[in-house]
Amino acid sequence: MAKATEIRAGSTGGSAAERSRTAEETEQIRQALVARLGDLQAEYDQALSEISELQRERLADSAGDDQADTGTKTFEREQEITLANNLLERITQVERALDRLSAGNYGWCERCGNQIPVERLAAFPSATLCVSCKQLEERR
């Protein structure tokens, strides 16, 4: 994933709210999002593989298991499923960010309509809310 400084490298003077992103900044953001999507997809594929392996082990080895063994295997499988679900949510967020970037509305707060500062997008590229609106949402 691109580092925050790489995303800001194309920045020129003025605050992010006072100017539009340059084509270079937009391309840096796109590259960072695509790289992040690839990383997340690889993690998701690995999690699915581990879930399948745990399921095969459960079906093959369960004949002599006591309750503790069965409980441990169930817990491990549930942990992997939770991890996979979290990864899938993050993949969806990055895909939505790429869609917004293509549509030309990436980096604009979905609540207030103000531009999200490039520093926030560098830290959290799939952000849909500016810091102020995110803080308001978290207080609810």
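Condition test on Gln79, is it more than 30 Å from Lys134 (Cα to Cα) and in a helix (DSSP H, G or I)?
Values: more than 30 Å from Lys134 (Cα to Cα): no; in a helix (DSSP H, G or I): yes.
Judged against the criteria, Gln79 is not a match.
Counting only residues that are polar (S, T, N, Q) and at pLDDT below 95, which one in the range 24-45 is surrounded by the fewest Cβ atoms within 10 Å (Cβ to Cβ)?
Gln31
Which residue pairs have Cβ atoms closer than 6 Å, lie 6 or more positions apart in sequence or on different chains, and pair a first residue in the range 118-140 that is polar (S, T, N, Q) with a second residue that is modelled with pLDDT of 90 or more and outside any helix (DSSP H, G or I)?
Taking only residues 6 or more apart or on different chains, the pairs are Thr128/Glu110.
Would you please list the contacts, defined by Cβ atoms under 8 Å and residues six or more apart or on different chains, that run from a residue in the range 72-90 that is closer than 10 Å to Glu43 by Cβ to a residue that is of a type in the set (A, V, I, L, M)?
That search, which allows pairs on different chains as well, returns Leu83/Ala47; Ala84/Ala47; Ala84/Leu48; Ala84/Ile51; Leu87/Leu40; Leu87/Ala47; Arg90/Leu40.
Residue-by-condition table, conditions (1) in contact with a helix residue (DSSP H, G or I) (Cβ under 8 Å, 6 or more places away or on another chain); (2) crowded, with 17+ Cβ neighbours inside 10 Å:
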position: Glu80; (1), (2): yes, yes
position: Leu88; (1), (2): yes, no
position: Val94; (1), (2): yes, yes
position: Gly104; (1), (2): no, no
position: Gly107; (1), (2): yes, yes
position: Arg111; (1), (2): yes, no
position: Gln115; (1), (2): yes, yes
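Could you list, ordered by first residue, the pairs with Cβ atoms under 8 Å in which the first is in the range 12-35 and more than 10 Å from Gln115 (Cα to Cα) and outside any loop (DSSP other than H, G, I, E, B) and the second is of a type in the set (Val, Ile, Thr) and modelled with pLDDT under 50, at least 6 apart or interchain?
Glu25/Ile7; Gln28/Ile7; Ile29/Ile7; Ala32/Ile7
The values are calculated or read from the model by the stated rules, or taken from the named source; none is laboratory data. It should be emphasised that the depicted structure is a prediction, and the values quoted were computed from it without experimental measurement. For neighbour counting, all protein chains shown are included, and Cβ atoms are generated from backbone atoms with ideal geometry for every residue, glycine included.
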